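Okay, so here's the structure we're looking at.
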Amino acid sequence: GSVHPTMQVMDEMIMVFAELGFAVAEGPDIEDDFHNFTALNFPPGHPARDIHDTFFFAPDDKGERKVLRTHTSPVQVRTLMSQKPPIRIVAPGRTYRKDSDQTHTPMFHQLEGLVIDRDIHMGHLKGTLETFVARFFETDVVKARFRPHHFPFTEPSAEMDIGCDRSGGELKIGQGDDWLEILGCGMVHPNVLRHCGI
């Protein structure tokens, strides 16, 4: 899943995931087509490849256009191709998109997790994320919902919302009847595993 944290918040999130047994994995900010799109089940012509959504470099002497990575998911690909399962990582880092409005900036930080092992299912994903939320927000009560969504690199895919209270000008996690969308998630798509030789 991904969120848009500050560096201090990012460090705190990494610490919580480290307590849950995740190692940190990193990759380059400038990526090639295979790592940023193809291996992640974005076929040619997919809207995410549109030049209006991403920052592409001019073609090199081979005609390939590098791109400022649009997510930290290329780190998943690099990890899947360099390590054998079981794998349990978080991939923090800068990402770049041409978004620029009240809730988006062209450069933002993202953190995503990856677990590859036998017999892993959505229940594990849900339990891990609920445990993360409880520890990160220091609450015993985690009200969460998972709404169906679509990401090319996961199947099934979901958006995770957590229960909160927005009254009184404060945001209180673990109480109230409001919802806050915090991340996208899902099980790694079989095509991604195939592209990475797993």
Practice task
Check region 29-39 and report whether any residue there is of a type in the set (S, T, Y), touching a helix residue (DSSP H, G or I) at 6+ places or on another chain (Cβ under 8 Å) and open to solvent by 30 Å² or more (accessible area, probe 1.4 Å).
Solution key: yes
Exercise for the section: Please verify whether region 154-171 includes one or more residues that are within 25 Å of V24 (Cβ to Cβ), modelled with pLDDT under 95 and surrounded by 15 or more Cβ atoms within 10 Å (Cβ to Cβ). Expected result: no
Practice task
Scan (1) at pLDDT 95 or above; (2) on the phi < 0 side of the Ramachandran plot for the single condition G21 breaks and write down its number.
Solution key: (2)
Exercise for the section: Please tell me if R194 is surrounded by fewer than 17 Cβ atoms within 10 Å (Cβ to Cβ) and farther than 18 Å from T38 by Cα. Expected result: no
Handout entry: Long-range neighbours under 6 Å by Cβ, at least six apart or interchain, first residue open to solvent by 60 Å² or more (accessible area, probe 1.4 Å) within region 116-130, second at pLDDT 95 or above
Key = D117/P85; D117/P86
Exercise for the section: Looking only at region 62-79, decide whether some residue is free of Cβ contacts under 8 Å to residues at least 12 places away in the same chain and either open to solvent by 50 Å² or more (accessible area, probe 1.4 Å) or not aliphatic (A, V, I, L, M) (or both). Expected result: yes
Problem - R135 vs. criteria exposed (fewer than 14 other Cβ atoms within 10 Å of the Cβ), of a type in the set (K, R) and over 30 Å from T38 (Cα atoms) - result: no
Problem - Positions within region 22-36 being part of a helix (DSSP H, G or I) and either under 11 Å from G93 (Cβ atoms) or in contact with a strand residue (DSSP E or B) (Cβ under 9 Å, 6 or more places away or on another chain) (or both), in sequence order - result: D33, N36
Exercise for the section: Determine, yes or no, whether P59 is modelled with pLDDT under 95 and surrounded by fewer than 19 Cβ atoms within 10 Å (Cβ to Cβ). Expected result: yes
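The values are calculated or read from the model by the stated rules, or taken from the named source; none is laboratory data. Worth saying up front: this structure is predicted, and the values here are computed from it rather than measured. With ideal geometry, Cβ positions are generated from the backbone for all residues, glycine too; neighbour counts draw on all protein chains shown. Ligands, DNA and RNA are excluded from the accessible area calculation, which covers all protein heavy atoms including side chains. Shrake-Rupley method; radii C 1.70, N 1.55, O 1.52, S 1.80 Å.
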